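The structure appears right after this line, and notes come after that.
The values are calculated or read from the model by the stated rules, or taken from the named source; none is laboratory data. Computed from a prediction, not measured in an experiment: that's the story for all the values here. Because the Cβ atoms are built from the backbone with ideal geometry, glycine has one as well, and the counts that use them run over all protein chains shown.
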Number of protein chains: 2
Amino acid sequence: MTSPTLKPISDASISPRRWDTRRRDKAQRLERVARYVQGKELRSEDAVNLIAILLEPGDRIVLEGDNQKQASFLSACLASLDPGQIHDLHLLISSITRPEHLQLFERGIARKVDFAFAGQQSLRLAQLLEDGQLEIGAIHTYVELYARMFIDLPPRVAFICADQADRHGNLYTGPNTEDTPTIVEATAFRDGIVLAQVNEIVEQLPRVDIPGDWVDLVVASPKPYAVEPLFTRDPRQINELHILMAMMVIRGVYERYGVTSLNHGIGLDTAALELILPTYGASLGLKGKICRNWALNPHPTLIPAIESGWVESVHCFGSEVGMESYVAARPDIFFTGRDGSLRSNRVLCQLAGQYGIDLFIGSTLQMDGDANSSTVTHGRISGFGGAPNMGHDPHGRRHASEAWLKLLRGESPIQRGQKLVVQVAETFQRGGVPAFVEELDAVEVGRSSGMPTAPVMIYGDDVTHVVTEEGIAYLHRAEGPEERRAALAAIAGVSPIGLRSKTEDVARLRRLGIVSFPEDLGVSRLEAKRSLLAATSMADLVRWSGNLYKPPSKFRNW
Amino acid sequence: MTSPTLKPISDASISPRRWDTRRRDKAQRLERVARYVQGKELRSEDAVNLIAILLEPGDRIVLEGDNQKQASFLSACLASLDPGQIHDLHLLISSITRPEHLQLFERGIARKVDFAFAGQQSLRLAQLLEDGQLEIGAIHTYVELYARMFIDLPPRVAFICADQADRHGNLYTGPNTEDTPTIVEATAFRDGIVLAQVNEIVEQLPRVDIPGDWVDLVVASPKPYAVEPLFTRDPRQINELHILMAMMVIRGVYERYGVTSLNHGIGLDTAALELILPTYGASLGLKGKICRNWALNPHPTLIPAIESGWVESVHCFGSEVGMESYVAARPDIFFTGRDGSLRSNRVLCQLAGQYGIDLFIGSTLQMDGDANSSTVTHGRISGFGGAPNMGHDPHGRRHASEAWLKLLRGESPIQRGQKLVVQVAETFQRGGVPAFVEELDAVEVGRSSGMPTAPVMIYGDDVTHVVTEEGIAYLHRAEGPEERRAALAAIAGVSPIGLRSKTEDVARLRRLGIVSFPEDLGVSRLEAKRSLLAATSMADLVRWSGNLYKPPSKFRNW
């Protein structure tokens, strides 16, 4: 029975191996901090000391810096460690948002970072990289970073945040569940240590978002965790160009393709879209026919459409400050728990947005002649966030829908539909800077930062439609790259790309339906007025919500 | 302050609306069944009656039929309902595997199905469709179906299964966590009802996989839930052609591209690959350089590579019958919980496999001249399972890796790498049926079943490499569709596609490195012997595992 090939079994190099080194390491670390801990609970004043004992130089850690909520107490603790003791940490963090995130590198506590988005810290991040104080593993989208935690980047310790914990370590996240379950799962089930900061420790949680089983340590932080309103757009800032483009999208895309399930990026264009559904959209008889099911954070500008009965469901990546009571009062629309408040989940909403919806629309600041786009600007390393995961055609999709089938490609019997990926851009940005350019700034940024590829947000070959105030380019209908470029140029105004356009080309493309101007779509520029907005101010949104929406003070000007 | 556009607020059509209809409906249904329930617990003998009262005609329900585990008690209960009382159900189910799944349709209890995979029931499913007894919403991949539960297909009731529950409804899934958390989240947070069958109800769970908060009803089933060993391949069935192809993949793909993170499909080719890592792979000095991090179920044929120190980590979609003790004894490799056993999670492993790894390799039975492939055969509607999600290039990926960068496409500064998608096929299947054909059977199946598109498993434009016993076609290196076709034909033997190949073309393609024969790769056909397998039998695998692996009886022949 014994096979001659079994020899390797007795090979000395492989025999006496421990298979529980991670588990033993975890037990030893928890043992080291045991004197600071009662049950799973530690005192906030002990946090820095405990973290110093818990960690070892070179550890790979994950710090909850989500798109929205921030483990701000724990990040401050980490930044005040003694770099003589703890150094060369490898930091996994979705969003580098807080000053202390980069203090970790300035102070020599951390050395390497894998992240997804840098936002306001992007300039300083680029400087630290140039100064050699920081090493970038890779720049990801949010879900890519989580994916790698299950593959080659398992965290040793996770520093996370939640609203409340009970004595068993069960966690209640409230509406901003976001990324916490995913980060905890990646850590806890690979014998990593999970340390949660919570706003308070209570006897009985309103609901359980994360089982206490998965959590090792809990600290009540002196102040609630930080969270920013990122998805609030003041309707006052919406102008007639935004409204014109929104009208074109409704007629030329949503109505034409029968788009029922979708995701909106953040921007004034998409805010305008949300706000003219109950007015312009209703006048076209489209209620119930388009925009029913959403993968979207709770955008305040969606309130009028919800209240007018346009919306069947909204699944959320995260929450939005001020929307808590409104969402809780609309459980038929939002995903809510037994406690009544929102349950969001970034990974599941990304899944829903990738495989369950027909359209993504987002704004861009810069696009090249091949419809590649990026929001990267010189001297900044801003990262990707989540847009690339929404803004591409998912080749792993196999089910059909009405909208998806309208983009069948190819003549052969082997066809597939396509996700609608719509990019909106005014031909010129503020200050007269053209949006359509010969080369994206991202190319130079990538080159000068030593990135292996240029940090392109949305690739042109994934884009099906580009919308400007001039019209819509139906790129998916174009034959070959030359015609795609001509279609894009036709709506690029007097930008460098637009100036390439030839009158006779444009006429032909309009005849073929590859380019449409507003008049081709039955959209009158004269009608593009702010009076079409169902709400023209934050106060209007509050009124639509029946006073349930509570805008953060910076948005309250009445 | 009041804007003239606020008129819709007072519109009679929108004002008095209830926003908690789902929640009230849930409360009413639970009230109806309260007399059968103590705490959350019901008696198994009451289950059919309770389900009959709980449900209403036309309900959309999800039944846990995962890839592996099956809520077999609940499916039997559902199939024995009175169709006069409960009918026209809309069934969401990942895998139609059990006879009673289709009895639901034969008996008129269910009417419409949205699913991902039909397997052994595929023939009967096709017949029911033809007979008009069943309506198909769409055929999905697993994760697509879950995605839609968060968008336009929210379930009213979820019928799920787990190993154990406690009195609070907390669930312990054991190693086969699989899809349960995702299904429960989609249902519970949209005011649906979650009914779990468990093998037993206990005082104290070994660990919590799903919080009791999310679960409404629990029943201890008379028999444990059904689960099949799907990922076990007996090494005895591996022949020299499998081994030859495995050698070519190691030299021509894994070594050449530096593939460290990967997923293997199920098949004898990939089982051979796993089994020659500790022998052939080691002789090439590749240990530690390739195949370190896996997104993979616990394949028994991976045991020798794990024991030989090749493998750093394995994250799992599900588990595998018989592998429980082995996995529990290797926590450094597998994701395990406090109880010591595996924690799997299909959605997170799909995420990891899509965005966190560099290569997918799978076997196919049929491929056309453009490298489109399918396992669909006439008269069957087998669905997709999970392969399409692994077997495509994820356009939402933005981070780079060594392997990914080796597939940079295009000359422009806007480049991106690509996932390696490798398809393995012998040029002829058993019985002399050619694997390479003019037209996939899937095309005719799609047409005759009225599918909107042909059920293609992996699209040719996503495939980077095709491997046969003749050689490797490096499709991603080919320029244009003609050269791709020529490269594929060059390795397609004497199949209809292979016969198109011209000798002078082949020589040119080999010179360009677009086609490689074994001799081009330094692989000797004479070395492709079964003696290269680190295990040649199930008994060998058991020995490698230190008797921790317990093969199911059907695989035990000693």
> What are the pairs, 6+ residues apart or on separate chains, where a residue within the stretch B:184-205 that is away from chain A (no Cβ under 14 Å) and among the polar types (S, T, N, Q) has its Cβ under 6 Å from a residue that is crowded, with 24+ Cβ neighbours inside 10 Å and part of a loop (DSSP other than H, G, I, E, B)?
Replying inline: B:GLN197/B:ALA71
>> Checking the conditions here, which among B:THR97, B:THR141 is within 14 Å of chain A (Cβ to nearest Cβ), within 16 Å of the chain's Cα centre (by Cα), of a type in the set (S, T, N, Q) and within 21 Å of B:ARG380 (Cβ to Cβ)?
In response: B:THR141
> If you go through the stretch B:485-495 one residue at a time, do you hit one that is modelled with pLDDT of 95 or more, in a strand (DSSP E or B) and under 20 Å from B:ARG409 (Cα atoms)?
Replying inline: no
> Among the residues of the stretch A:31-51, how many are aliphatic (A, V, I, L, M) and out of contact with any helix residue (DSSP H, G or I) (no Cβ under 9 Å at 6 or more places or on another chain)?
Replying inline: 1
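Consider B:HIS315 carefully, then state whether it is farther than 19 Å from B:VAL424 by Cα, in contact with a helix residue (DSSP H, G or I) (Cβ under 6 Å, 6 or more places away or on another chain) and buried (at least 24 other Cβ atoms within 10 Å of the Cβ). Talk me through it step by step, then tell me what you get.
Details: farther than 19 Å from B:VAL424 by Cα: yes; in contact with a helix residue (DSSP H, G or I) (Cβ under 6 Å, 6 or more places away or on another chain): yes; buried (at least 24 other Cβ atoms within 10 Å of the Cβ): yes.
Answer is yes for this residue.
Answer with yes or no whether B:GLU240 is charged (D, E, K, R), in the same structural domain as B:LEU277 (by TED's automatic domain parsing) and either crowded, with 20+ Cβ neighbours inside 10 Å or farther than 11 Å from B:ASP163 by Cα (or both).
Numbers: charged (D, E, K, R): yes; in the same structural domain as B:LEU277 (by TED's automatic domain parsing): yes; either crowded, with 20+ Cβ neighbours inside 10 Å or farther than 11 Å from B:ASP163 by Cα (or both): yes.
In short, yes.
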>> Give me the helices (runs of 4 or more DSSP H) completely within the stretch A:321-421, filtered to those with at least 1 residues that are under 16 Å from A:LEU296 (Cβ atoms) and of a type outside the set (S, T, N, Q), ordered by residue number.
In response: A:324-328, A:346-355, A:387-390
>> Let me spell it out: the conditions are (1) in contact (Cβ under 8 Å) with a residue 24 or more places away in the chain; (2) more than 10 Å from chain A (Cβ to nearest Cβ), and B:SER283 meets all of them except one. Which number is the exception?
In response: (1)
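Check B:ARG380, B:ARG338, B:ARG330, B:ARG346 and return the single one that is closer than 30 Å to A:ILE183 by Cβ, among the basic types (Lys, Arg) and within 21 Å of the chain's Cα centre (by Cα). Walk me through how you get there before you give the answer.
Working: B:ARG380 fails: closer than 30 Å to A:ILE183 by Cβ; B:ARG338 fails: within 21 Å of the chain's Cα centre (by Cα); B:ARG330 fails: within 21 Å of the chain's Cα centre (by Cα).
Residue meeting the stated conditions: B:ARG346.
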> Can B:VAL424 be described as over 22 Å from B:GLY318 (Cβ atoms) and under 17 Å from the mean Cα position of the chain (by Cα)?
Replying inline: no
> If you scan the stretch A:44-59, which residues turn out to be within 18 Å of A:LEU92 (Cα to Cα) and of a type in the set (Asp, Glu)?
Replying inline: A:GLU56, A:ASP59
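Residue-by-condition table, conditions (1) more than 30 Å from B:ASP358 (Cβ to Cβ); (2) in a loop (DSSP other than H, G, I, E, B); (3) assigned by TED's automatic domain parsing to the domain that holds A:HIS101:
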{"site": "A:ALA138", "(1), (2), (3)": "no, no, yes"}
{"site": "A:VAL143", "(1), (2), (3)": "no, no, yes"}
{"site": "A:ARG148", "(1), (2), (3)": "no, no, yes"}
{"site": "A:PRO154", "(1), (2), (3)": "no, yes, yes"}
{"site": "A:ILE160", "(1), (2), (3)": "no, no, yes"}
{"site": "A:ASP163", "(1), (2), (3)": "yes, no, yes"}
{"site": "A:ARG167", "(1), (2), (3)": "yes, yes, yes"}
{"site": "A:ASN176", "(1), (2), (3)": "yes, yes, yes"}
> In the stretch B:374-408, which residue that is polar (S, T, N, Q) and crowded, with 24+ Cβ neighbours inside 10 Å is farthest from the other protein chains (Cβ to nearest Cβ)?
Replying inline: B:SER382
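I need the full set of residues from the stretch B:108-143 which are buried (at least 21 other Cβ atoms within 10 Å of the Cβ) and in contact (Cβ under 8 Å) with a residue 60 or more places away in the chain, in order please.
Keep residues of the stretch B:108-143 that are buried (at least 21 other Cβ atoms within 10 Å of the Cβ), which gives B:109-110, B:113-118, B:121, B:125, B:134, B:139-143.
Of everything in the stretch B:108-143, those that are buried (at least 21 other Cβ atoms within 10 Å of the Cβ) and in contact (Cβ under 8 Å) with a residue 60 or more places away in the chain turn out to be B:PHE115, B:ALA116, B:PHE117, B:ALA118, B:LEU125, B:ILE139, B:HIS140, B:THR141, B:TYR142, B:VAL143.
Listed here are the residues, each with its yes/no results for (1) touching a Pro at 6+ places or on another chain (Cβ under 8 Å); (2) at pLDDT below 95.
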| position | (1), (2) |
| --- | --- |
| A:GLY119 | no, yes |
| A:GLU130 | no, yes |
| A:PRO155 | no, no |
| A:CYS161 | no, no |
| A:GLN164 | yes, no |
>> For the stretch A:392-437, which positions are touching a Gly at 6+ places or on another chain (Cβ under 7 Å) and among the hydroxyl-bearing types (Ser, Thr, Tyr)?
In response: A:THR427
> Given the conditions (1) within 14 Å of chain B (Cβ to nearest Cβ); (2) buried (at least 24 other Cβ atoms within 10 Å of the Cβ), which single one is not true for A:ASP269?
Replying inline: (1)
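Condition first: assigned to a strand (DSSP E or B) and more than 19 Å from A:GLY450 (Cα to Cα). Now tell me which residues in the stretch A:103-130 satisfy that.
Going through the stretch A:103-130, the residues assigned to a strand (DSSP E or B) turn out to be A:110-117.
Hit for the stretch A:103-130 is A:ALA110, nothing else.
Can you tell me which residue among A:ALA371, A:ALA425 is farther than 24 Å from B:HIS392 by Cα, more than 9 Å from chain B (Cβ to nearest Cβ), among the small types (Gly, Ala, Ser) and surrounded by 22 or more Cβ atoms within 10 Å (Cβ to Cβ)?
Values: A:ALA371 fails: farther than 24 Å from B:HIS392 by Cα.
One residue alone meets the criteria, A:ALA425.
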>> For the stretch B:472-497, give me each residue that is in contact with a strand residue (DSSP E or B) (Cβ under 6 Å, 6 or more places away or on another chain), closer than 17 Å to B:GLY460 by Cα and among the small types (Gly, Ala, Ser).
In response: B:ALA473, B:ALA487, B:ALA490, B:ALA492
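Can you tell me which of B:ALA147, B:ALA188 is under 21 Å from the mean Cα position of the chain (by Cα) and within 20 Å of A:THR336 (Cβ to Cβ)? Before the answer, list the steps.
Numbers: B:ALA188 fails: under 21 Å from the mean Cα position of the chain (by Cα).
Checking each option against the conditions leaves just B:ALA147.
Condition check ((1) crowded, with 17+ Cβ neighbours inside 10 Å; (2) within 14 Å of another protein chain (Cβ to nearest Cβ)) across all residues:
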| site | (1), (2) |
| --- | --- |
| B:ARG17 | no, yes |
| B:GLU31 | no, no |
| B:ALA47 | yes, no |
| B:GLU56 | no, no |
| B:GLU64 | yes, no |
| B:PHE73 | yes, no |
| B:ALA79 | yes, no |
| B:LEU91 | yes, no |
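Across the stretch B:432-445, which residue is nearest to B:GLU130 (Cα to Cα) among those that are touching a residue at least 24 places away in the same chain (Cβ under 8 Å) and facing chain A (nearest Cβ under 8 Å)?
Just the residues of the stretch B:432-445 that are touching a residue at least 24 places away in the same chain (Cβ under 8 Å), to begin with: B:434-442, B:444-445.
Next, from what is left, pick out any that are facing chain A (nearest Cβ under 8 Å): B:439-440.
Working: B:GLU439: 23, B:LEU440: 21 Å.
The selected residue is B:LEU440.
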> In the stretch A:270-307, what residues are small (Gly, Ala, Ser) and closer than 17 Å to A:MET538 by Cβ?
Replying inline: A:ALA271, A:ALA272, A:ALA305
>> Going through A:LEU509, A:LEU526 one at a time, which residue ends up being part of a helix (DSSP H, G or I), assigned by TED's automatic domain parsing to the domain that holds A:ALA246 and crowded, with 20+ Cβ neighbours inside 10 Å?
In response: A:LEU509
> Of all residues in the stretch B:501-536, how many are farther than 30 Å from B:PRO300 by Cβ and among the charged types (D, E, K, R)?
Replying inline: 8
>> Can you tell me how many residues within the stretch B:165-187 are surrounded by fewer than 24 Cβ atoms within 10 Å (Cβ to Cβ), under 19 Å from B:GLU41 (Cα atoms) and out of contact with any Phe, Trp or Tyr (no Cβ under 9 Å at 6 or more places or on another chain)?
In response: 2
